[in-house]
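A short worksheet on the structure shown next.
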Amino acid sequence: MSSLPPVLIGMTSIRGREKALCRTLDTLLRQRPPQDGRRVRLNLFLSQQPYLLDEGFQSVPSFIQRRIAWSQGRRIELECHFVENVGPYRKLLPLIARLTEQQKENDPYLVTADDDTLYPQDWLVRLLDAQDTLQCVVGFRGRRMMVKEGKVEPYHRWIKHDSSLTSPHLLTVPTGKDGICYRLSQLHAAVSDTEAALRLAGHADDLWFKHHTLKLGIPSVLLNPSLSLEFPELTASGRRIRAKKPEVALKSLFLTINKSGGNDAVMKRLTDPAFYPLGDESQ
């Protein structure tokens, strides 16, 4: 068995997004694999039971079955698993739960992807290369918390456009759409407490994951200096959203649940002065 750290991609989806998911899977299955010859496991986590916007899948859709068969023996192999429906946490927590002891010892790369994005072919290797170089959590897009008078400022005031976002920082928060790469060792073990996650963070999974990298003092870095730089997004019907052309976007947990200050409420519950760097960052 290889002693190289495994590369595992986790993602989830809900009923109604099948056409977008199909296109997204194709971009992930055609990623440029690591140069060292490692295989990559692409794990899709679905659920049968309805939950929030998700009506649930009763079986694995045929388009997924075809892609699983196509990927067998290739450098990037697709697997589909049915898990408890805990919303967006299915990107990462089932991935951790399925790790063998050998995989844990090898400190795997854990990469999250969304189901509504067209990823460029170098997406994966850019995340892995940045992890190896900078030894911190890596995302393409996100924000940096602003702190004033020892308190985290409201979410809408966080830094979204600044060249400094491309340098590692404890207060930088990668956000999920364009992908995030963790190492298992960069996540505190309590990240897997699903009951606490839903109670404290609701469906702000990115904030929950950030909280558990901060517990270990792990900084994060963004590969893009602006939130406006993003990979193409898809509608539920699988059509690409054009920047200047209004489209009906996918059902979004952020828009339907985390809007109207939801993230601020989550931060109030999560912020712990014992390990959050709360020196004044607002200057």
key: Those residues of segment 165-197 which are of a type in the set (Gly, Ala, Ser), surrounded by 19 or more Cβ atoms within 10 Å (Cβ to Cβ) and modelled with pLDDT of 95 or more, in sequence order   = GLY179, ALA197
request  = Starting from residues that are within 14 Å of the chain's Cα centre (by Cα) and assigned to a loop (DSSP other than H, G, I, E, B), keep the ones in segment 202-229 and report whichever is farthest from VAL173 (Cα to Cα).
outcome  = HIS203
task = Identify all residues within segment 4-60 that are of a type in the set (Val, Ile, Thr) and closer than 22 Å to PHE82 by Cβ; write none if there are none.
result = ILE9, THR12, ILE14, THR24, VAL40, VAL60
key: Unique residue being assigned to a loop (DSSP other than H, G, I, E, B) and out of contact with any His (no Cβ under 8 Å at 6 or more places or on another chain) when the list is LEU42, LEU4   = LEU4
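Against the condition surrounded by 20 or more Cβ atoms within 10 Å (Cβ to Cβ), of a type in the set (Ser, Thr, Tyr) and not in a loop (DSSP other than H, G, I, E, B), how does TYR119 come out, does it pass?
Answer is no for this residue.
Of the residues GLN65, GLN48, only one is farther than 21 Å from ALA204 by Cα, free of Cβ contacts under 8 Å to residues at least 60 places away in the same chain and in a loop (DSSP other than H, G, I, E, B); which? Explain how you work it out, then say what you get.
On the way: GLN65 fails: in a loop (DSSP other than H, G, I, E, B).
Result of the check over GLN65, GLN48: GLN48.
Of all residues in segment 9-44, count the ones that are of a type in the set (Lys, Arg) and within 16 Å of the chain's Cα centre (by Cα).
Here is the first cut: in segment 9-44, the residues of a type in the set (Lys, Arg) are 15, 17, 19, 23, 30, 32, 38-39, 41.
Checking which are within 16 Å of the chain's Cα centre (by Cα) leaves us with 41.
The qualifying residues number 1.
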task = Check ASN43, ASN85 and return the single one that is farther than 25 Å from GLN135 by Cβ and among the polar types (S, T, N, Q).
result = ASN85
message = I'd like the full set of residues that are at pLDDT 90 or above, surrounded by 14 or more Cβ atoms within 10 Å (Cβ to Cβ) and more than 17 Å from TYR119 (Cβ to Cβ), limited to segment 240-268.
response = GLY262, ASN263, ASP264, ALA265, VAL266, MET267
remark   = Inside segment 122-153, the number of residues satisfying the requirement of being surrounded by fewer than 16 Cβ atoms within 10 Å (Cβ to Cβ) and touching a Lys or Arg at 6+ places or on another chain (Cβ under 8 Å) is 2
ask   = Which one of LEU234, LEU278 is touching a strand residue (DSSP E or B) at 6+ places or on another chain (Cβ under 9 Å), modelled with pLDDT under 95, more than 14 Å from VAL173 (Cβ to Cβ) and of a type outside the set (S, T, N, Q)?
value = LEU278
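Keeping to segment 20-32, report how many residues are of a type outside the set (Val, Ile, Thr), in contact with a helix residue (DSSP H, G or I) (Cβ under 9 Å, 6 or more places away or on another chain) and either under 15 Å from ILE241 (Cβ atoms) or part of a helix (DSSP H, G or I) (or both). Quick ask: steps written out before the conclusion?
Here is the first cut: in segment 20-32, the residues of a type outside the set (Val, Ile, Thr) are 20-23, 25-26, 28-32.
Narrowing the set further to residues that are in contact with a helix residue (DSSP H, G or I) (Cβ under 9 Å, 6 or more places away or on another chain) leaves 21-22, 25-26, 28-29, 31-32.
The next check asks that each one be either under 15 Å from ILE241 (Cβ atoms) or part of a helix (DSSP H, G or I) (or both); those that pass are 21-22, 25-26, 28-29.
Total meeting the criteria: 6.
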task = Taking the residues in segment 16-40 that are crowded, with 21+ Cβ neighbours inside 10 Å and of a type in the set (A, V, I, L, M, F, W, C) as candidates, determine which candidate is farthest from VAL60 (Cα to Cα).
result = VAL40
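Can ARG15 be described as farther than 22 Å from ARG90 by Cα, assigned to a loop (DSSP other than H, G, I, E, B) and not polar (S, T, N, Q)? Even if it seems obvious, please write down each step before you answer.
Values: farther than 22 Å from ARG90 by Cα: no; assigned to a loop (DSSP other than H, G, I, E, B): yes; not polar (S, T, N, Q): yes.
Here the answer is no, as ARG15 does not meet what is asked.
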key: Matching residues, segment 69-101, being under 23 Å from ALA197 (Cβ atoms) and in contact with a Pro (Cβ under 6 Å, 6 or more places away or on another chain)   = VAL83
message = Return the pair list, or none, for Cβ contacts closer than 8 Å from residues in segment 133-146 that are in contact (Cβ under 8 Å) with a residue 40 or more places away in the chain and within 15 Å of ILE218 (Cβ to Cβ) to residues that are polar (S, T, N, Q) and assigned to a loop (DSSP other than H, G, I, E, B), at least 6 apart or on different chains.
response = GLY139/THR175; GLY142/THR175
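The values are calculated or read from the model by the stated rules, or taken from the named source; none is laboratory data. Computed from a prediction, not measured in an experiment: that's the story for all the values here. Cβ atoms come from the backbone with ideal geometry, glycine included; neighbour counts cover every protein chain shown.
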